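Some notes on the structure that comes next.
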Amino acid sequence: MSTSASAFDLDAYFARIGYSGARAATVETLHALAWHHATSIPFENLDVLLGRPIVLTPEALMAKLVYGKRGGYCFEQNNLLRLALTALGFRLTPLGARVRWQIPREVVPARTHLFLRVHFPEGDWMADVGLGAASLTAPLRFDFGPEQSTPHEPRRLLNEGGRFFHQMKLGDDWSDVHEFTLDEMHPVDWEVANWWTSASPTSYFRNNLALGRALRDGTRKAIRSDGFAHRRGGEVLARQPISSAAELHALLTEHFDLHFPTETRFGPPGAPWAQARR
């Protein structure tokens, strides 16, 4: 896979995320880009459900997420951010993780998540705009232990005997988001993980809806196979089940600015959100 930024159009990317600020490779710029990206480009796995390959070349990422105004999942989202940061002169290292949301510690999920460690002389930061309904709207300092604020939920990084965890606080409770290592995730590693995530019959994304969008008012909207939800932290502001393809299309358009032909059907046969209206 080519990792060249030669096909990357920085001006088009900025227009896509609504950013017109500084272009210096500073912590302040990183914060601004993480905020604008996470609140502009939705997380979504719809191409996986349509059986389309997920291609990670700069050309494909630009065509889909920028010019096509679509969203994507971690390998697309964080690679797009990686290309932007690299074009601006940031130093970074891609890292891999095991998503642990609602997964017990004794279970070992596949290492199928990509995020970025961004390096500065005064210390490193974690950037992750591809974490579904938990995507970071601000980078986190690589500082293990203290609670860190974001425009949405509080976060923290933990080092538990050499096991590294990213956690999110909802209400009074902390929950694991992902478990990671400090080893670089090379292009060949994320290509393999991306193929399994998008093509394996047992992949979560092959069998479930997964959409998320961070709003600039501090709330989040999400679609899962059991329906649509609008939340502020752990508080549910609105919830709606999805019982037909027509209802799903309406939610995609209204809340995620995603538009598909009305005959498009997502997901495995038999899913309620893939059926005609009853």
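Bear in mind these aren't lab numbers, they're just calculated from the coordinates by the rules spelled out. Everything quoted here is computed from the prediction, not taken from an experiment. Positions of Cβ are generated from backbone atoms using ideal geometry, with glycine treated the same way; all protein chains shown enter the neighbour counts.
If you fit an axis through the alpha-carbon atoms of helix 74-88 and take the longest principal axis of the Cα set of the chain, what angle between them do you get, 0 to 90°, nearest 10? That helix lies at roughly 40 degrees to the long axis.
Listed by chain and number, the aspartates and glutamates placed with their C-alpha closer than 16 angstrom to that of residue 69 are 9, 11, 44, 47, 59, 254, 257; residues fewer than eight positions away on the same chain are left out.
Relative contact order of the range 10-274, taken over Cα pairs closer than 8 Å and 6 or more residues apart, is 18 percent.
Given the Cα-Cα distance of residue 173 and residue 244 and 0.36 nm per residue of separation, how much length would full extension add, in nm? Mind dumping the intermediate values first?
Details: separation 71, 0.36 × 71 = 25.56 nm, distance 3.43 nm.
Full extension of this stretch gives 22.1 nm more.
Taking every alpha-carbon pair under 8 Å whose residues sit at least 6 apart, the range 109-267 reaches a relative contact order of 13 percent. Percent of Cα pairs in the range 1-72 per distance bin of 5 Å, from zero to the largest separation: 3, 15, 23, 23, 21, 11, 3, 1.
On a full-extension model of 0.36 nm per residue, what is the gain between residue 226 and residue 59, subtracting their alpha-carbon distance, rounded to one decimal in nm?
Working: separation 167, 0.36 × 167 = 60.12 nm, distance 3.40 nm.
So the extension gain works out to 56.7 nm.
Put in order of Cβ neighbour count within 10 Å, fewest first, the listed residues 112, 262, 57, 137 become 262, 57, 137, 112.
Among the GluC sites (Glu not before Pro) found in the range 33-120, those both in a DSSP coil and sparsely packed, with 15 or fewer other Cβ atoms within 10 Å of their Cβ, are 106.
Estimated purely from DSSP H runs of n ≥ 4, each contributing -39500 (n - 2.57), the mean residue ellipticity at 222 nm for the chain is -7500 deg cm²/dmol once divided by its residues.
In degrees from 0 to 90, rounded to the nearest 10, what is the angle of the helix 27-38 Cα long axis to the longest principal axis of the chain? Roughly 10 degrees, rounded to the nearest 10. The residue 257 and residue 204 beta-carbon pair, evaluated with R₀ = 35 Å, returns a calculated FRET efficiency of approximately 0.90. Normalised by 2.2 N^0.38 Å, where N is the number of residues, the C-alpha radius of gyration of the chain stands at 0.96.
Computed extension length for residue 159-residue 184: 7.2 nm, one decimal, from 0.36 nm per residue of separation with the Cα-Cα distance subtracted. Distant-in-sequence amide contacts of residue 275, defined by a placed amide H-H separation under 5 Å and a gap of 5 or more residues or a different chain, comprise 245. Using θ = phi - 60° in the Karplus curve 6.51 cos²θ - 1.76 cosθ + 1.60, the 3J(HN,Hα) couplings for the range 232-241 round to 10, x, x, 8, 8, 8, 7, 9, 8, x Hz; x is entered for Gly and Pro.
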